[in-house]
Amino acid sequence: MQHHTREIPREVWSDYLTLLSSIERDHQVRVEAGSPDLGEQTVAASLPLVDISVEEKGSDEGAIEVTVGRPGEEITHRILHPEHVWAEESDSGDIECLDIEDSDHVKTLIYFEPRLGLEEGLSQQV
């Protein structure tokens, strides 16, 4: 399957991430953070997406927050000084990975796990 990556312009980060959060809410995601110095670390694995947003005011204005988990068990990962946001999408336009890089070249990768087919999902609920 082909996929392509596009950079999301800074001026539309807030709108893009708000829309993405509403479309992908409860989608299972894996969040990893890493840099050449630190290596990669898994922040969260196979948890439902709650929200991805840009802090609009206060001392953390411009920071991006990624919240995943179940009610009462949420994990929030913050990117304080984001510089770039890239979206990796399949040919059909489905998001596969969101790549956020900060001013220290630390990358946060949000992998959107493939959705189960309807029949697979039903069989797991039985």
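The values are calculated or read from the model by the stated rules, or taken from the named source; none is laboratory data. Here the structure is a predicted model, which is why all the values come from computation and not from measurement. Please note: Cβ atoms are built from the backbone with ideal geometry, for glycine as well, and neighbour counts cover all protein chains shown. SASA here: full protein model, heavy atoms, side chains in, ligands and nucleic acids out. Shrake-Rupley method; radii C 1.70, N 1.55, O 1.52, S 1.80 Å.
Observations on the structure shown:
- Carbon/sulfur fraction of accessible area - the chain, other protein chains in place, 1.4 Å, %: 49 percent
- Packing around the peptides 78-86, 66-74, taken as the average count of other Cβ atoms within 10 Å per residue, puts them in this order, highest first: 78-86, 66-74.
- Taking all protein chains into account, the per residue accessible area for the chain stands at 63 Å² (1.4 Å probe).
- Accessible area in the full protein assembly, largest first, 1.4 Å probe, for His4, His77, His27: His4, His77, His27
- Where labels lie 7 Å past Cα in the beta-carbon direction, separation of Asp104 and Thr18 in nm: 3.0 nm
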